[in-house]
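Below is one structure, written out as structure tokens, with a few remarks after it.
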Amino acid sequence: MLYYLPLLLLLLLLENSLAWSSKHQVSRGTMPPLFSSPPDEALYTSADITDTIRKKSVTEMEKVTEVVNTSCSESKRPLLIETNDDFNSYIHNNSIENFLFDCDGVLYRGTDAMPCASQTIQQLISRGKKVFFVTNNAASTRMELKTKLEKVLNCRGILKEDMMIGSAYVAGQYLKSCKLTKDSDNKTRVHVIGTAGLCSELQSAGFDISGGQDPVDTPSGMSRDELAAYQFPEGEIDALVIGLDNDFNYRKLCIATVLLQRNPDALLVATNLDAFDLVGFDARHLPGNGALVSAVEMASGRTAINVGKPSSTLSELIMDVYGLKAEETLMVGDRLDTDITFGNDSGMKSALVLTGCATSSDIASVMKDDESSQMIPSVIFPHVGYMFDDAAGDN
């Protein structure tokens, strides 16, 4: 009898699975696994995620409205955008000609577009506005970012590479401005903690690169004896650049620390100091580059130069390279500590959307703190669809 027990268990599982598919009317080819996560998660589509984000942002806006109206002084109160007409009036009254968009949390989350993000971008460009995409994500080259935006937003043919202002590109431009290059035959050596995209941008800027992605068989750890015997094929470096590295480990930390120790004059540059990003339909916290930078800073006793938002290095580059006037520029973002602070510190107007990191609780906190005034946005609206003329009826 025991011989047949595994077969009986298997038949029972199949029967339960068939019963579930019949109850939920699952189409052919979408049979759930025998051991699955809850069906509503397993069957979540991109359209579902976008609609869920839209609904959550509108609900969050209701909470924000209550916070602003009940606990905010007149001098601190941001403008709350309720319709597209409100937004158009704001743009007209403030003579806004330039739009800087953060990407993740504003235009998309992962590979899912935000509500009406594509229509908003296309409409602004068609009206002759200057549009740029300013992201602290250093994982991609400018061309890779352009390709992703074209795919996620379905707007091929209208985006240009020079609209892409990623922190990897900015890191390269910053190092070039520091005049570190020695001569035509001896390029500046830059060690990288980060992705192939970051390495590529730095190479394009004219630097010799070490580090980056390790071969698959590279160990993740490093013992005391291994570090003592390590020969440092990287040589003496002139700068160390840290970008988000999903394969960051103790070995990379050890090597970076000693490279900085060997040359106290080497620059330590962070592409950004973001604490976390959001992933998934339930907005899970993914540790950001700031966690990696903190580890290197602690181990080396050095302080990194941040070239991402909200640094003045970034704003100066944007204004100088693209010839923009800060007072005619709107920074649209989802984070108070980076996007909104960046816009305010740079003399721009700042717009907060509620599809990313910032919540009504965060807004309440900065409203109460006199030292956080630079985190208070000029305007707030649920999602970028409020910038699109025909979206008002669908909000």
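Somewhere in segment 270-280, is a residue among the small types (Gly, Ala, Ser) and part of a strand (DSSP E or B)?
Yes, segment 270-280 contains a residue that is among the small types (Gly, Ala, Ser) and part of a strand (DSSP E or B).
Quickly run through segment 358-394 and pick out the residues that are out of contact with any Cys (no Cβ under 9 Å at 6 or more places or on another chain), surrounded by fewer than 24 Cβ atoms within 10 Å (Cβ to Cβ) and in a loop (DSSP other than H, G, I, E, B).
359, 369, 378
Within segment 159-188, track down each residue that is at pLDDT below 95 and outside any helix (DSSP H, G or I).
Scanning segment 159-188 gives 178, 179, 180, 181, 182, 183, 184, 185, 186, 187, 188.
Could you please find all residues in segment 189-222 being aliphatic (A, V, I, L, M), more than 17 Å from residue 304 (Cβ to Cβ) and not in a loop (DSSP other than H, G, I, E, B)?
Once the filter is applied, which keeps residues that are aliphatic (A, V, I, L, M), more than 17 Å from residue 304 (Cβ to Cβ) and not in a loop (DSSP other than H, G, I, E, B), segment 189-222 yields 196, 209.
Taking interchain pairs and intrachain pairs at least six residues apart, which have beta carbon atoms under 9 angstrom, with the first residue in segment 90-104 and open to solvent by 10 Å² or more (accessible area, probe 1.4 Å) and the second assigned to a loop (DSSP other than H, G, I, E, B) and among the β-branched types (Val, Ile, Thr)?
Sorted first by the residue in segment 90-104, then by its partner, the pairs are 90/81; 90/96.
I'd like the full set of residues that are under 20 Å from the mean Cα position of the chain (by Cα) and open to solvent by less than 20 Å² (accessible area, probe 1.4 Å), limited to segment 200-215.
Passing the criteria: 202, 212.
Every residue in segment 320-357 that is open to solvent by 20 Å² or more (accessible area, probe 1.4 Å), outside any loop (DSSP other than H, G, I, E, B) and out of contact with any Gly (no Cβ under 9 Å at 6 or more places or on another chain), please.
320, 321, 322, 328, 337, 344, 345
Any idea which of (1) open to solvent by 40 Å² or more (accessible area, probe 1.4 Å); (2) touching a residue at least 24 places away in the same chain (Cβ under 8 Å) is the one residue 257 doesn't satisfy?
Unmet condition: (1).
Taking the stated definitions as given, is residue 112 more than 17 Å from the chain's Cα centre (by Cα) and surrounded by fewer than 23 Cβ atoms within 10 Å (Cβ to Cβ)?
Judged against the criteria, residue 112 is not a match.
So which residues in segment 231-267 are of a type in the set (D, E, K, R), out of contact with any strand residue (DSSP E or B) (no Cβ under 6 Å at 6 or more places or on another chain) and in a loop (DSSP other than H, G, I, E, B)?
236, 247, 265
The values are calculated or read from the model by the stated rules, or taken from the named source; none is laboratory data. Keep in mind the model is a prediction, meaning the values are calculated, not measured. Heads up, the Cβs are rebuilt from the backbone with ideal geometry, glycines too, and the neighbour counts pull from every protein chain shown. Note: areas computed on protein heavy atoms with side chains; ligands, DNA, RNA excluded. Shrake-Rupley method; radii C 1.70, N 1.55, O 1.52, S 1.80 Å.
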